[in-house]
Amino acid sequence: MIDLKHAFVIAFGSIRSAKLRSTLTALGIIIGVAAVVANVSLGASFNQYFTDELGSLGSNFIIIYSEDVNLFYDNEMELIRNTPGIEGVSGFNQQTAAVTYRSVTRQIDVQGVSRDAQYISNLLVEEGSFLTDKDKYVAVLGKDVAEDKFDRDVSIKNYVDITIKRNDGTSVTRKFRIKGILEGEDNTFVQGGPDRDATIYVPIATLNEMLNVTDYGGFSARTGNAESVREVSEEVDKRLARSLGVPTRDLDNPDAKPYRIFNQAEIIEQLDQLANTLTILITLVALVALIVGSIGIMNIMLVTVTERTREIGLLKSLGYTRSGILSLFIMESIIIGVIGGILGTSLGLVGSYMVEVYLNIPPVFPFYLIFLGFFISVLVGLVAGVYPANKAANLDPVEALRHG
């Protein structure tokens, strides 16, 4: 069998002697590998982005809500609070209100929450402080409300008038002192509920008083750690169902319950499935380019065998064995695959980085991507080169010398 070093020198020389042909052959590999590497990187980046954004909304959280009125009261909140593993719970209600500041009135979402909402939902205060359970007519503003909703910025210790319309058609207005302003946050694909930057937070007891109601629209709660959030969520679900008279047989049927409950673990799982599905679909499309590239290599190598028939006959007459000729042509295919892999992997990493920066998502480049790019390119080169190499190795030396 021919020495691999010698085979490499001869194969590389053949590639250099036909630069245009070799470049066109490698182009399919470059595009295919770049597409695969870029898509895998983007998939990992979106996974990381979803996880980071979900974390910014709070950690280990459980959300319970209902479209029915007169369903959730203090008894349900205490039931949730006393569930093992729960470290904080807040009832909430929400209403769009007419908010007036210095004679300028805007329609703004007002959400009633308790002190624990800051801890549960990771509400970061930039200026001032958050609500306490002893507060009454005070408010915490989202960043956009404080800076963009009115003609002039609203600062802490300023006052705004909030007018709420009740279900009976009457309206009630109260003056609120601004106690805090939240840090601004980027919009997120996974954000649920109100836009924090465009929301005013007030004590839940005060909002309920203005609405003339005693029930809650739902609850937000937080567990001690991420590992227990699913288990604690299931226990909360069981206790609420039992308290609200939902039969045990209907626990696993969401449509049979008058409320909905979900937790952070479930959302992460759904987002992972979405990101993985998209990555797989796009990568399958990219693999088509690899298949086209491999066909290109095979086609060019078959043409090369025809062009070099006389050369193959000469090599055989000089003592090259079938395995030696086979090694020469397979080595040529592998070299083209490796070159395509280097350029394709580099192009894929640069391309994915540019897209990630443009989309403002965290660049993620798993180390295995480099090995993936090289492995795919070498594999494609090897597979595509086997048939042409075998054809060259089986040529009859006498007939080959007569060719041309």
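Derivation of every value follows stated rules applied to the coordinates shown; laboratory data play no part. Note that this is a predicted model, so its numbers are computed, not measured. All Cβ positions, even for glycine, are placed from backbone atoms using ideal geometry, and neighbour counts span all protein chains on display.
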- Non-local residues with an amide H under 5 Å from the amide H of V113, with H modelled 1.01 Å from N and Pro and chain starts lacking one, are V202, I204
- Message: Kirkwood Rh over alpha-carbon pairs of the chain, then Stokes-Einstein at 4 °C and 1.567 mPa s: what D in µm² s⁻¹, rounded to an integer?
- Response: 49 µm²/s
- DSSP H helices in the chain with Cα extent of 24 Å or more along the helix axis and mean Kyte-Doolittle hydropathy at least -0.5? 19-56, 264-307, 322-359, 368-393
- How high is the FRET efficiency from Q48 to D153, r the C-beta distance, R0 35 Å, rounded to 0.05? 0.50
- Item | Derived scalar couplings ³J(HN,Hα) [segment 137-144; Karplus, 6.51 cos²θ - 1.76 cosθ + 1.60; whole Hz; x for Gly, Pro] | 9, 10, 9, 10, 9, x, 4, 5
- Query: Taking other Cβ within 10 Å of each residue's Cβ, how do V364, V229, V172 sort, fewest first?
  - Reply: V172, V364, V229
- Report, in deg cm²/dmol and to the nearest 500, the calculated mean residue ellipticity at 222 nm for the chain, where each DSSP H run with n ≥ 4 adds -39500 (n - 2.57) and the sum is divided by the residue count. -18000 deg cm²/dmol
- Amide H neighbours of E127 at under 5 Å, excluding residues fewer than 5 places away on the same chain, with H built from the backbone geometry, are I181
- Item | Contour excess over end-to-end distance, with Cα ends at S171 and F12 and 0.36 nm allotted per residue | 48.8 nm
- Fully extended, how many nm does the chain gain between N212 and L124 (0.36 nm per residue separation, minus their Cα-Cα distance)? 28.7 nm
- Note on the structure: Residues whose modelled amide H sits under 5 Å from the amide H of N158, counting only those 5 or more places away in sequence or on another chain, are I178
- Query: Residue separation times 0.36 nm, minus the C-alpha to C-alpha distance between V355 and Q270: what's the value?
  - Reply: 28.2 nm
- Obtain the nm distance between the two label points defined at A205 and T96 by a simple spin-label model: each point lies 7 Å from its Cα along the Cα-to-C-beta direction. 3.0 nm
